[in-house]
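Worksheet: the structure to be examined is printed underneath.
The values are calculated or read from the model by the stated rules, or taken from the named source; none is laboratory data. Not measured: the values here are computed from a predicted model. Cβ sites come from the backbone with ideal geometry, for glycine too, and all protein chains shown count toward neighbours. The area values use the complete protein model at the heavy-atom level, side chains included, leaving out ligands, DNA and RNA. Shrake-Rupley method; radii C 1.70, N 1.55, O 1.52, S 1.80 Å.
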Amino acid sequence: MKSVLMPRLKELGILLVLIVLVIGFSLATPNFLDPANIFNIARQVATLGICAVGFSFVLITGGIDLSIGYQISLNVVVTGMLMARFEVPWYAACLAALVLGALIGVVNGLIITLTGVAPLIVTLSMMMILNGVSYLLSGGLPIFGFPAEFSVLGQGAIAGVIPVSLLFLVAVWAIGLFILDKTYVGRYFYAIGNNAEAARLSGVNTRRTIVFVYALCGFFTAIGAVLLLSRLNSAQSATGAGFEFTVLTACVLGGISVMGGRGRLFGAFVGVLIVGVLDNGLVLMNVSEYVQLVIKGCILLAAVVYDAMSKNSRGRRKQIGGVPLSVPATPVAA
C-alpha cells in the first residue's frame with residue numbers, strides 16, 4: 001500500500017508547487033493570468049512537453065539522451081532548407097524531419113547496445129556531431145521564407161482559443177500514456193530500468209527495446225522541432241542549444257528517476273508546466289537571463305539530489321527487510 005501511495009503523494013507535492021508558482025506570479029505580475037499570456041504559455045510548453053515524453057521513456061530505461069537539443073537544431077535546419085531552398089511541400093518536409101529524428105534515435109540506440117558504451121558518452125558525442133552538421137548545412141545563417149500554411153502548426157489556434165500545437169501535445173501524451181501503461185513494451189521500459197540483466201534473463205529483448213526507445217525519443221523530438229520551427233518561423237543551427245537540460249529538469253522535477261525504473265508521465269507533465277510557468281513568470285518580472293539559468297540549475301540539482309537520496313533510502317529499507325545488514329560471525333571451533 002505504501003509503495004502505491006508514495007508516488008501519488010509525490011505527484012500531489014509537485015502539483016502543489018505548480019499551484020504556488022501560479023499564485024505567486026499572479027500576485028507579482030498583473031499580466032500573468034491574462035488570457036493572451038496563458039495562450040502563450042500553452043504554445044511555449046508544447047515543444048517541451050512533446051520532447052519530454054520520449055525523454056521520459058529513455059530515463060525510465062536507465063539511459064539519457066543529451067543529443068536532443070541539437071537533434072532539434074538539425075531538424076529545424078533540414079526542414080527549413082527543404083521548404084525555403086528546395087521548395088519541397090511543407091508536409092513532405094515535416095515527414096522528412098520525423099524520419100530523420102527516428103533515424104538519429106536508432107543510431108544512438110544501436111551504438112549503445114552494440115558497443116556497451118554509456119548512453120551519456122554516446123549521446124554527448126552525437127550532440128557534438130549534430131551541432132557541427134547543422135552549422136555546416138546552414139552556414140551559421142538563419143533560414144526563413146516558409147509557406148504560410150506551415151505557420152498554422154505553431155502559431156494557429158482553433159476558434160482563436162485552443163493553440164494547434166496544444167492539440168499535438170495532447171495527442172503525443174495520449175500515445176505516450178498508452179505505450180507506457182497499456183503495452184508490454186512500456187513494462188519492459190521499467191524492467192530494463194530496474195535491472196537490465198534480470199529483464200534479459202526473463203526473456204525481454206533488451207537490445208531491441210533500447211533501440212526502440214531511442215528511436216521513439218528521436219521521433220517525438222522531431223515533432224517538437226517542427227512545431228518550434230513553425231512558431232519561430234526561422235531555422236538556425238543554435239535553435240535547440242541547451243534544450244536537453246530544460247527537458248531533463250522538467251522530467252526529473254516531475255519524478256522521473258535519472259537512475260531508471262521509476263516515474264510516471266503525469267508527473268513529467270506537471271514538471272513541464274512548472275518549467276513553462278517559471279520561464280514565463282520570470283520573463284514577465286524582467287529577471288535577468290543569467291539569473292534564470294542559476295534558478296533552473298538549482299532546481300535541477302535539488303531534484304537530482306532528492307531522487308538519489310530517495311533511491312538510497314529505499315535501498316536501505318529493502319536491505320533491512322530482506323537480507324541482514326551484518327554477516328553473522330563464523331563460530332570458532334572449540
Q: Can you find, among 180, 167, 156, the residue farthest towards the positive end of the dipole of the stretch 68-200? Put +1 on the C-beta of Lys and Arg, -1 on that of Asp and Glu.
A: 180
Q | Relative contact order (percent, whole number), the chain, Cα cutoff 8 Å, 6+ residue spacing | A | 32 percent
Q) For the Cα atoms of the chain, what angle does the longest principal axis make with the long axis of helix 243-253, in degrees from 0 to 90, nearest 10? A) 40 degrees
Q: State the volume of the convex hull built on the alpha-carbon positions of the stretch 149-200, expressed per residue in Å³ and rounded to an integer.
A: 106 Å³
Q. Hey, any idea what % of the chain's accessible area is carbon plus sulfur with a 1.4 Å probe?
A. 71 percent
(Q) Suppose we look only past 35 Å in the calculated P(r) of the chain. What percent of the Cα-Cα pairs does that tail hold? (A) 25 percent
Q) Percent of alpha carbon pairs in the stretch 116-165 separated by more than 17 Å? A) 63 percent
Q | Degrees separating the helix 164-182 axis from the principal Cα axis of the chain, which is the longest one | A | 20 degrees
Q. Using a simple charge model, +1 on the beta-carbon of Lys and Arg, -1 on the beta-carbon of Asp and Glu, nothing else, what dipole does the chain show about its Cα centre, in debye to the nearest 20?
A. 1200 debye
Q: As a check on your grasp of the helix formula, calculate [θ] at 222 nm for the chain: sum -39500 (n - 2.57) over DSSP H runs of n ≥ 4, divide by the residue count, round to the nearest 500.
A: -25500 deg cm²/dmol
Q: Quick one: order 306, 70 from most to least accessible surface, probe 1.4 Å.
A: 306, 70
(Q) Could you sort the peptides 234-240, 125-131, 175-181 by per-residue average Cβ neighbour count (10 Å cutoff), highest mean leading? (A) 234-240, 125-131, 175-181
Q.
Cβ neighbours within 10 Å, averaged per peptide: list 215-221, 241-247 in order, most packed at the top.
A. 215-221, 241-247
Q | 5 angstrom amide H check on residue 157, placed H, neighbours 5+ away | A | 164
Q | J(HN,Hα) series, the stretch 276-292, from Karplus relation 6.51 cos²θ - 1.76 cosθ + 1.60, nearest Hz, glycine and proline x | A | x, 5, 4, 4, 5, x, 5, 5, 4, 8, 6, 6, 4, 4, 5, 5, 4
Q.
Once ligands and nucleic acids are excluded and a 1.4 Å probe is used, how much of residue 188 is accessible, expressed in Å² to the nearest 10?
A. 80 Å²
